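Read through the structure below, which is laid out as structure tokens, and then see the notes.
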Amino acid sequence: MTAKGERFIVSVSELNQYVRQSLNADPLLRDLRLRGEISGIKFYPNAWYFQLKDESARISCVLFRQAIQRASFRPKDGDAVVLHGSASLYAERGEYQFVADGIRPEGVGYLWQQYERLKAKLTDEGLFDPDRKRPLPVRPRRIAVLTSASGAVWHDIHKICRERDPGVALVLVPVPVQGEGAAEEIVKAIHKAVRLPEVDLLIVGRGGGSMEELWCFNDETLVRAVAACPLPVISAVGHETDFTLCDFAADRRASTPSNAAEIAVPDGADAVEGLRMLRERLHRAAAQSLQSRSLALLTLRERLGAASPMARLHELTARQAALAGRLSALTDSLLRERKLELERLRLRVEQAADAAMDQSERRLMQQRTRAEALNPMRVLERGYALVLSDDKLISAAKDAPERMTLRFADGSVKVRKEEAAHGSKGKEATEL
């Protein structure tokens, strides 16, 4: 600041900073609850901007990302809310504003506190963890709808499911959806629904309403029953901006009951179109595969043909013809020289072939001689005989039976065992 006599001259930035620091230094303005009606709200990824007004005034407000993440509902124009935060000044523009770090609907303070406490408790227990969520059946066989029999929810779900896939069966499990005792009745209905035959999906829902009207869906017993249900559960409570603890505990949240029907039952027309596209893809893939394999087969056939003996023979024949043409153009002296050289080569080849043939014959004779030497009949021709009993060879005297057969080279003789003469311990055989 610059002094001039008894007055101070300040810049705009200095004034704004001074006012901002003054606001921030006031403890009352640092911890303030502000009541009003939402107007002109705009949603951005990092902040919500809106006006909060009453009958005679308004103030600019902002919620930043951290506060947005803690918010349990998404406000809209006309909502009466209570903000918590501090008054401040946006120094660059000189705009007075309220920076909120919390937001809740007006008129439900006690219920909202209960809601937040129970939500924090169940969150700490892991009841709302995404890892606990189960996938929904691709095409459910039968869906149990837990809602009021007299409300529009059942009619909407039934209508949309029939339009999307008439083959999916629906069963209504009527329950009260608000008021005292409603939560206990819904818990009983869940236990009943999971025992119904062929039911593989549950939809728990009702239409929109105030927080008090939706309060039974924040009951701890009901929330735990939804989380522990052995079948997948879709929570379809209220409208898109309504959030209950059942929404967090269920395997899937639907913004409305009609949206729950769309989530639960795939559109039959979409399925048919998907199958048609899949069939076309399979046909294209099969055609491409066939074309690729045909090309590969043709390539292999060409390579095989080029490597065949006949192709090689034709190639050599062509080369020989070309060489013959060139040889015919040579002089007689060169031709005679080539003929002599070819003759020498022929003689060498014949000599090598004869030598190889002689060597093969000698090896064959050696193998034949070895085979003849190992022939059992040749052994018998030298005076030996085989002792057999029932075609079994007897190789030791102690194994000789009472009757045996002696096989010679020219025939067989049957014999019988007798004791050796002169008291010998040996045994001899005599012809029968």
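Structural descriptor for the chain: relative contact order 8 percent, calculated from alpha carbon pairs under 8 angstrom and at least 6 residues apart. Each peptide in 383-391, 285-293 gets a packing score, the mean of other Cβ atoms within 10 Å over its residues, and the list from highest to lowest is 383-391, 285-293.
Between Gln17 and Arg195, the contour length at 0.36 nm per residue exceeds the Cα-Cα span by 57.3 nm. Dipole check for the range 1-153: with +1 at the C-beta of Lys and Arg, -1 at the C-beta of Asp and Glu, and the Cα centre as origin, the magnitude is about 880 Debye. Here the calculated FRET efficiency for Ala228 and Arg35, from their Cβ-Cβ distance with R0 = 35 Å, stands at 0.35, rounded to the nearest 0.05. Residues Glu106, Glu185, arranged from fewest to most other Cβ atoms within 10 angstrom of their Cβ, appear as Glu106, Glu185.
Calculated over the range 58-189, the projected area of the Cα convex hull averaged across directions stands at 12.9 nm².
Calculated FRET efficiency, Ser412 to Ala371, Cβ-Cβ distance, R0 = 25 Å: about 0.55 to the nearest 0.05. Taking each residue as 0.36 nm, the span from Ser56 to Arg403 lengthens on full extension beyond its C-alpha to C-alpha distance by 111.3 nm. For the peptides 340-353, 223-236, the ranking by mean Cβ contacts within 10 Å, running from highest to lowest, is 223-236, 340-353.
A straight line joining the Cα centroids of the range 3-78 and the range 144-215 runs 44 Å. Put simply, when 311-321, 397-407 are sorted by average Cβ atoms within 10 angstrom per residue, most first, you get 397-407, 311-321. With 20 Å bins beginning at zero, the pair-distance distribution over Cα atoms of the chain amounts to 15, 22, 14, 11, 16, 16, 6, 1, 0 %. Could you tell me which of rounded, prolate or oblate describes the range 135-266, using a ≥ b ≥ c as the square roots of the eigenvalues of the alpha-carbon gyration tensor, with rounded for a/c under 1.5 and, failing that, prolate when a/b is larger than b/c and oblate otherwise? The shape class here is prolate. Applying 1/(1 + (r/R0)^6) with r as the Cβ-Cβ distance of Glu343 and Glu302 and R0 = 45 angstrom yields a FRET efficiency of 0.70. Maximal additional length on extending the Gln113-Arg279 stretch stands at 54.2 nm, based on 0.36 nm per residue less the C-alpha distance.
Every number in this text was worked out from the coordinates using simple rules, so none of it is lab data. In this text, all values refer to a predicted model and were calculated from it rather than measured experimentally. Reconstructed Cβ throughout: ideal geometry from the backbone, glycine too, with neighbour counts over all protein chains shown.
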